[in-house]
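Read the structure below first, then the notes.
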Ligand code: AMP
Ligand code: MG
């Protein structure tokens, strides 16, 4: 190890590499010509026990470009499967490598993955590479999600490779260093189940329990407990997405994590005007992953997890199916509970009352009818301002506000407390598509200042600073709906 690497504070272990070897292929990154650090997440670096200054050194830029393996790391491509738009495929990291787990000063164990690191045995027809735009996009949106308080993989750095990659045009090649609680996916379990090796499946399940739900190891039926824990984490996660208007875009089972973090930012986006049918992804022609479908798709994906775990749920198959179905039923209830809680908080409501759901749905219905901006409607309600667009003048909206005011007055908490709850539940800004695009275009031209300012505003979305108001501006009206393209 070089002194530069030593000073950076890497502290690797790769516990995943101790799983049965069907789960990975050890593999080095394909070296790149001229790595250059574009952005480094200093606060994240320091929480990982890494020294930012040293990470900027050539030796560590080489680490984040895949040109050099730091001591203790064991690069590998993970195997997994997945239902992609409903179709089952055997997959695996086609353009990513897990270096290992960084052990943080707090004793946490976090995956360090290079995304865009070159060909692997799972690359199929792809080139193993990623372009600068989509990697910076993942950086911006994942960090915005984290600041919104939503579980997510994080972004430590983006380096350019000094090489061009071929897409519709020639693009700048880049590699993202991604940090995750783990990269275990629903699809990892589908892969294990498809192999038909119960011992491999059991080892994977024990590993997932160990890493994410150690308390469930004590349960009488630990694999059922694992299923229940993942169901609960996903119910919470998807409810949080819905509350901020986030659309993942590609909720394939390989893009759903066991830890309950948002993972694999491809054609994702935040909704502007409220409409449950909103789809941004150019590849989602049927609207399978539209905003309003996310809870039911979550349930569908979890049913695939339950099926994969069946061999571990006991000898008696009928009983196992019953238990899995019972667990899956919980998803709907938990999701609904979390969503109601989140939406109540956005309205400054502390406790449940009959009729809350109706109150919320009526507001959403009005937003939809009047094509009101989702985030800005909640901001207007928080700060007593006029609602966006036509909504402000709609008589039904005036009546709705009256109902809401009465509902607030019935609670014991003060108006100040309600305001505080609303401020901390309604972000001043979200990464709006047109602003993200502007930041990416400037970055691709070598100007990182637009992205820098956007990241700074997004880092503290509940601060409600005056400067953040600039970002509440809506996109220019356009006849073309916004489309995000897969980061391939
Ligand atoms: P994603 O849509 O990024 O979640 O990727 C779906 C699958 O395709 C994963 O197995 C990826 O590793 C693989 N993949 C995506 N892009 C590429 C690429 N450029 N080269 C090789 N594999 C890729
Ligand atoms: Mg993926």
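The values are calculated or read from the model by the stated rules, or taken from the named source; none is laboratory data. Computed from a predicted model, the values in this text were never measured in an experiment. Positions of Cβ are backbone-derived with ideal geometry, glycine not excepted, and every protein chain shown enters the neighbour counts.
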> Out of 343, 367, which single residue is within 19 Å of residue 237 (Cβ to Cβ), in the same structural domain as residue 312 (by TED's automatic domain parsing), touching a residue at least 40 places away in the same chain (Cβ under 8 Å) and in contact with a helix residue (DSSP H, G or I) (Cβ under 7 Å, 6 or more places away or on another chain)?
Replying inline: 343
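Listed here are the residues, each with its yes/no results for (1) within 16 Å of ligand 1 (Cβ to nearest atom); (2) crowded, with 18+ Cβ neighbours inside 10 Å; (3) within 23 Å of residue 154 (Cβ to Cβ).
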residue: 194; (1), (2), (3): yes, no, no
residue: 203; (1), (2), (3): no, no, no
residue: 208; (1), (2), (3): no, yes, yes
residue: 211; (1), (2), (3): no, yes, yes
residue: 223; (1), (2), (3): no, yes, no
residue: 244; (1), (2), (3): no, yes, yes
residue: 248; (1), (2), (3): yes, yes, yes
residue: 257; (1), (2), (3): yes, yes, yes
residue: 267; (1), (2), (3): yes, yes, yes
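Here is a yes/no grid of residues against (1) away from ligand 2 (no atom under 16 Å from the Cβ); (2) assigned by TED's automatic domain parsing to the domain that holds residue 295; (3) modelled with pLDDT under 95:
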site	(1), (2), (3)
228	yes, yes, no
231	yes, yes, no
236	yes, yes, no
248	no, yes, no
253	no, yes, no
265	no, yes, no
271	yes, yes, no
275	yes, yes, no
280	yes, yes, yes
>> Can you go through 81, 130 and tell me which one is within 16 Å of ligand 1 (Cβ to nearest atom), more than 28 Å from residue 171 (Cβ to Cβ) and touching a strand residue (DSSP E or B) at 6+ places or on another chain (Cβ under 7 Å)?
In response: 81
>> Being in a loop (DSSP other than H, G, I, E, B) and over 19 Å from the mean Cα position of the chain (by Cα) is the filter here; which residues of segment 288-316 pass it?
In response: 313, 314, 315, 316
> What are the residues in segment 425-460 that are touching a residue at least 24 places away in the same chain (Cβ under 8 Å), surrounded by fewer than 16 Cβ atoms within 10 Å (Cβ to Cβ) and not in a helix (DSSP H, G or I), if any?
Replying inline: 448, 459, 460
